[in-house]
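Structure first, commentary second.
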């Protein structure tokens, strides 16, 4: 196992924006349980929509997942903006 250092630029409830040595742009660190829950939600919604296109509950689950990812992205973008770092996209 190699040991590397990362600079934590800011921390949120379930994520942090970190700068890894040697990387041009910071990244988002998301807690593993949060990623697992998001994956389960997306996988279940996809399965349901294959079987029942237009299922309202599955669509709501997708909307929730989108909002969660949007929250991570907004947190990331705000951190970059506060530090004068341009977005990589």
Original post:
Just to be sure, is residue 85 modelled with pLDDT of 95 or more and either under 18 Å from the mean Cα position of the chain (by Cα) or assigned to a helix (DSSP H, G or I) (or both)?
Top reply: no
Original post:
Do we find a residue being crowded, with 16+ Cβ neighbours inside 10 Å, out of contact with any strand residue (DSSP E or B) (no Cβ under 7 Å at 6 or more places or on another chain) and touching a residue at least 24 places away in the same chain (Cβ under 8 Å) anywhere in the stretch 12-29?
Top reply: yes
Original post:
Which members of the stretch 23-43 meet the condition of being assigned to a helix (DSSP H, G or I) and either at pLDDT below 95 or in contact with a helix residue (DSSP H, G or I) (Cβ under 7 Å, 6 or more places away or on another chain) (or both)?
Top reply: 38, 41, 42
Original post:
With (1) in a helix (DSSP H, G or I); (2) exposed (fewer than 14 other Cβ atoms within 10 Å of the Cβ) as the list, and residue 80 as the residue in question, which single condition is left unmet?
Top reply: (2)
Original post:
If the Cβ limit is 6 Å and pairs must be 6+ apart or interchain, which residue in the stretch 61-89 that is touching a residue at least 12 places away in the same chain (Cβ under 8 Å) and on the phi > 0 side of the Ramachandran plot pairs with which residue that is exposed (fewer than 11 other Cβ atoms within 10 Å of the Cβ) and not in a loop (DSSP other than H, G, I, E, B)?
Top reply: none
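The values are calculated or read from the model by the stated rules, or taken from the named source; none is laboratory data. The shown structure was predicted, so the numbers you read here are calculated from the model rather than taken from an experiment. In this analysis, Cβ positions are derived from the backbone assuming ideal geometry, glycine residues included, and neighbour counts consider all displayed protein chains.
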